[in-house]
Amino acid sequence: MPHCHVLPESSNLFSSPQTAMIMDHLVQRPLFPTPDKLDLVIPCLLASATGFLSHTLYFIRGFHDTSALRIFLVHFTTFLCLTAYSITQLGVFPGLITSTAIALSYLTTLFTSIITYRLFFHPLRHIPGPFLAKITKLYGPYTARNGQMHLEQTKLFKKYGNFVRIAPNEVFMLSVEGIQKIHARDSRCRKLNAGIYDVIHFKGAHNLNSVLSREEHGPRRKIWERAFTTKALAIHEPKTREICHRWLNKIASLNGQPINTSLFSLLIPFDHMGKVGFSYEFRSIEAGEENRMLHLLESLFGQFGRTGELCWPLSIAKDLNLGKESAEFDRLTMEMADRRAAEEDSNKGDILQHFLDDMRSEKPIAFFNKNIFYSDSALVLIGATDTIGVVLSYLFYHLARHRVYQDLLHSHIKKVYGETIPEEFTDRDLSKIPLLDALINETMRLDNPVANNGPRLTPPKGITVDGIHIPGGVAVRVPGYALHRSEEFYLAPEEFKPERWLDQAKFVKDREAFIPWLVGPNNCVGKRMGMAVVRLVLAYTVYSYTWNSAPGEDGKRIYLESKDNLILKAGAFNAVFTPREPGGLSYVPRQ
Ligand code: HEM
């Protein structure tokens with residue numbers, strides 16, 4: 001039976017006979033309980049002290065998410081050893097009670113210390129935010145419970161203002177100065193230890209987007225940029241046109257049946273990236289459904305969405321090779337990349353060509369091994385599928401709701417049809433049409449594809465944004481979705497108003513607050529290609545068809561079922577397409 005030492009209520013600790021008794025007793029007390037005298041006070045006090053010290057000496061310092069498995073194993077092994085020792089010393093039942101009591105004392109003090117620190121002593125204690133977010137990162141999964149973190153966060157800004165403590169050590173901000181301080185070339189903020197990038201890698205090889213140091217990023221970025229020069233884009237563009245024609249063929253073959261445009265908005269860039277990235281034909285537009293690879297891609301990003309970017313479970317899953325789908329996606333990507341690498345006619349001018357050229361050169365500057373090649377090959381699909389997909393999804397939706405823009409755009413683009421290539425559009429001609437870019441920009445403003453942008457860690461001295469000092473070692477970000485919908489930067493921010501980009505002085509309060517491609521050294525390397533694909537798909541579609549919401553489609557699902565999976569994913573939207581007529585403007589399906 002546990003032996004309790006109860007002091008009489010009236011006892012005065014400092015009255016000498018009693019104090020002497022207690023001291024005597026403590027000195028005589030064995031460090032570890034004996035079976036006949038199960039005394040837990042000292043072991044529990046020591047465990048509490050260890051809990052306090054492990055917080056103040058270890059957990060309080062730095063980023064430990066990527067060490068989650070090791071931390072868990074150390075604790076678990078210690079507990080097992082303690083239990084085994086207690087059982088040998090005390091017998092099964094008292095031994096179990098002893099080790100459990102010691103573990104609970106350790107954990108209780110550890111978490112009490114963590115919570116007390118985060119609430120009352122943390123340098124971010126003055127930044128407003130939800131109570132739960134101040135004490136635990138589990139607030140992330142809580143905001144992601146419906147998969148709509150972007151909407152939850154937008155609400156938080158309305159409630160707390162432009163700076164919100166969204167996690168114990170993380171601040172979200174809506175600030176133009178913040179964009180520069182966090183992302184510009186001269187910023188001292190970094191990706192290392194900021195969060196999600198630390199856990200995105202293929203067998204330790206980070207992709208261009210998740211690479212953690214600027215030293216490694218610079219040369220890798222150079223290779224990527226070679227795939228998007230004017231010359232390289234001219235090689236890609238005929239392939240983009242081919243994909244546009246396949247899409248038009250598909251519409252024609254469906255003969256007026258309702259089409260889920262959000263689904264095809266994903267299939268189009270996916271097939272496009274197969275072709276332009278890997279010289280590979282997925283042919284999912286023809287199939288009208290996601291193939292296995294696209295399904296895996298969507299499902300993996302769904303996991304990021306569901307976990308609210310909480311990194312340690314992702315890190316543990318990675319370390320233990322859990323996640324069959326992730327392994328399958330990696331395997332398929334490797335197969336595709338290997339197939340491309342093995343092709344005899346290697347001079348195809350696709351994106352992987354540039355990676356292979358560097359990897360096979362005598363002195364590679366970035367692609368030093370196959371894992372980097374695989375990692376960036378996966379990024380080709382990741383970076384260019386859902387991003388373009390979400391823009392197309394919402395473009396089809398907005399233009400179905402605002403039919404006037406379809407006709408207006410048609411009247412503009414028909415002037416450049418065949419201008420450079422007979423019976424075709426070119427991106428160069430289309431880029432001269434301000435209305436087309438205004439429609440695309442307005443869609444990206446309202447439905448920012450990379451909804452929250454990635455985090456960065458502040459430098460040791462911290463940063464000061466809009467007069468607010470954010471100390472060093474804090475994860476910071478400017479979430480584009482909420483920024484683009486803030487009244488501080490846009491007039492009537494919730495309305496679809498493409499004219500705002502034609503008359504910016506009137507509707508855009510601060511042009512710098514438009515960051516669909518991000519800014520600085522990590523901005524989108526595929527921006528020109530992204531714009532070209534969206535322009536061409538929209539131009540070909542508007543030129544050949546008109547479309548309306550399908551019967552029974554109220555247009556609510558596209559928002560209600562949207563998901564923030566790092567990249568936004570639109571819910572379904574059904575539309576019915578009708579060929580334009582008469583006057584030779586209708587589309588003649590090609591073989
Ligand atoms: C509408 C289309 C697109 C949008 C809106 C978009 C948006 C973005 C954004 C916001 C980032 C920064 C992400 C972050 O770290 O926070 C980014 C990075 C990136 N994007 Fe895009 N993107 C698009 C199309 C493309 C295309 C077609 C490619 C081609 C493969 C591509 C490849 C990349 C890559 C590789 C990065 C990482 C750049 C780096 O860290 O240096 N993106 N994109």
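So the values come out like this:
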item	result
Spin-label proximity, F63 to region 146-187 - amide N less than 13 Å from point 7 Å beyond Cα toward beta carbon	169-171
For region 51-102: span of alpha carbons on each principal axis (Å, largest first)	41, 21, 11
Highest to lowest packing among 185-191, 319-325, scored as the average C-beta count within 10 Å	185-191, 319-325
Apportionment of accessible area to carbon and sulfur, the chain, percent (1.4 Å)	60 percent
Residue (of I421, H402, G454) at the positive-pole extreme of region 401-461, dipole from beta-carbon charges	G454
Pair K506, K155: separation of 7 Å Cα→Cβ label points (nm)	3.5 nm
Region 104-143-region 287-320 distance, computed between alpha-carbon centres (Å)	28 Å
Contour minus Cα-Cα distance for E423 and R188 (0.36 nm per residue)	79.6 nm
Cα→Cβ-extended label distance, 7 Å offset, between L45 and K231, nm	7.7 nm
Rounded accessible area per residue of the chain, 1.4 Å, Å²	46 Å²
Segment E215-N249, extension gain: residue separation times 0.36 nm, minus the distance between their alpha carbons	7.6 nm
Dipole magnitude of the chain, debye to nearest 20 (Cβ charges: Lys/Arg +1, Asp/Glu -1, about Cα centre)	840 debye
Kyte-Doolittle mean at least 0.0, axial Cα span of 20 Å or more - DSSP H helices of the chain	68-90, 92-116, 261-278, 292-306, 370-401, 527-544
Burial order of peptide ranges 510-518, 557-565, 477-485 (average beta-carbon count within 10 Å, highest first)	477-485, 557-565, 510-518
Ranked by how many other beta carbons lie within 10 Å on average, peptides 253-259, 98-104 from highest	98-104, 253-259
Hull volume in cubic angstrom per residue (convex hull over the Cα atoms of the chain)	204 Å³
Whole-angstrom gap from region 496-514 to region 519-571, using each part's C-alpha centre	19 Å
Spin-label model distance (nm) - F120 vs N146, 7 Å beyond Cα toward Cβ	3.7 nm
Reachable lysines from K461, criterion Cα separation under 20 angstrom, eight or more residues apart if same chain	K181, K191
Nearby lysines by direct alpha-carbon distance to K432 (threshold 16 angstrom, same-chain neighbours under 8 apart not counted)	K414, K415
Relative contact order for the chain, counting Cα pairs under 8 Å that sit 6 or more residues apart, in percent	18 percent
Most positive-pole-ward Cα, G323, N523, F577, against dipole of region 183-579 from beta carbon charges	N523
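The values are calculated or read from the model by the stated rules, or taken from the named source; none is laboratory data. A quick note: this is a predicted structure, and the numbers were derived from the prediction, not measured. Cβ coordinates were reconstructed from backbone atoms using ideal geometry, including for glycine residues, and neighbour counts include every protein chain displayed. Surface accessibility is based on the protein's heavy atoms, side chains included, excluding ligands, DNA and RNA. Shrake-Rupley method; radii C 1.70, N 1.55, O 1.52, S 1.80 Å.
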